[in-house]
1. Conditions first: (1) at pLDDT below 95; (2) surrounded by 10 or more Cβ atoms within 10 Å (Cβ to Cβ). LYS10 passes all but one, so which condition is the exception?
2. Please go through region 57-76 and pick out each residue that is modelled with pLDDT of 95 or more, over 10 Å from ALA19 (Cβ atoms) and either among the hydroxyl-bearing types (Ser, Thr, Tyr) or touching a Ser or Thr at 6+ places or on another chain (Cβ under 7 Å) (or both).
3. What are the residues in region 28-56 that are among the β-branched types (Val, Ile, Thr), at pLDDT 95 or above and surrounded by fewer than 18 Cβ atoms within 10 Å (Cβ to Cβ), if any?
4. Every residue in region 21-71 that is outside any strand (DSSP E or B) and of a type in the set (Lys, Arg), please.
Amino acid sequence: MSKAQNPELKKFLDKKVTAHMQGGRRATGLLRGYDVFLNIVLDDATEDTNPGQKHELGQIVIRGNSVTLVEPLEPIRDKLENAHQGR
């Protein structure tokens, strides 16, 4: 059995993201944590159900095996951009 690899979500911490899940469900909130199995914690989360409808969920944990995509909703600055601006 292969070893689980740590997902590269560190740059998304404390940023607003949408987690897309199997079955077409989506939850949006601030990414507060994650683990090697892609279990994620969202704070101030809402579930996008039908177009224009949202359910307030608060803090939630989403099991990694149901996550298909984590989409950032805020600009993410990486080390390369920061290096260019430091000149």
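1. Unmet condition: (2).
2. LEU57
3. VAL41
4. Passing the criteria: ARG25, ARG63.
The values are calculated or read from the model by the stated rules, or taken from the named source; none is laboratory data. Note that the coordinates shown come from a computational prediction; the quantities given were computed from them, not determined experimentally. So basically every Cβ, Gly included, is an ideal-geometry build from the backbone, and we count neighbours across all protein chains shown.
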